[in-house]
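Okay, structure first, notes after.
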């Protein structure tokens, strides 16, 4: 939390949406997913699973949060529909800037 606060930007509290009995399971039982995460623009993040290895989105890939996208007429504390991350030089996939006005 101290590292996020040092970025001097609003910190988003993102609470997981659970279904069924997932609310009672630990992060270990949920594959490492925490029930709450905290993010801010400029935060460094790391993927913990392989998503699209062909373009570099694999376990351990590092990036920086650049923005949050919310549904129309939504804002914090609602969940964002997307967290935009700029991945480091190993990423070779499509760019969100080609699809969104950032």
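Bear in mind that the values in this text are calculations on the coordinates, not laboratory data. Keep in mind that what you see is a predicted model, and the values were worked out from it rather than measured. Reconstructed Cβ throughout: ideal geometry from the backbone, glycine too, with neighbour counts over all protein chains shown.
Values for this structure:
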item	result
Length gained when the stretch residue 69-residue 38 is fully extended (0.36 nm per residue, less Cα-Cα span)	9.6 nm
Additional length obtainable on full extension of the chain from residue 55 to residue 11, 0.36 nm per residue less Cα span	12.9 nm
Distance in nm between pseudo-label sites at residue 95 and residue 62 (7 Å out along the Cβ direction from Cα)	2.2 nm
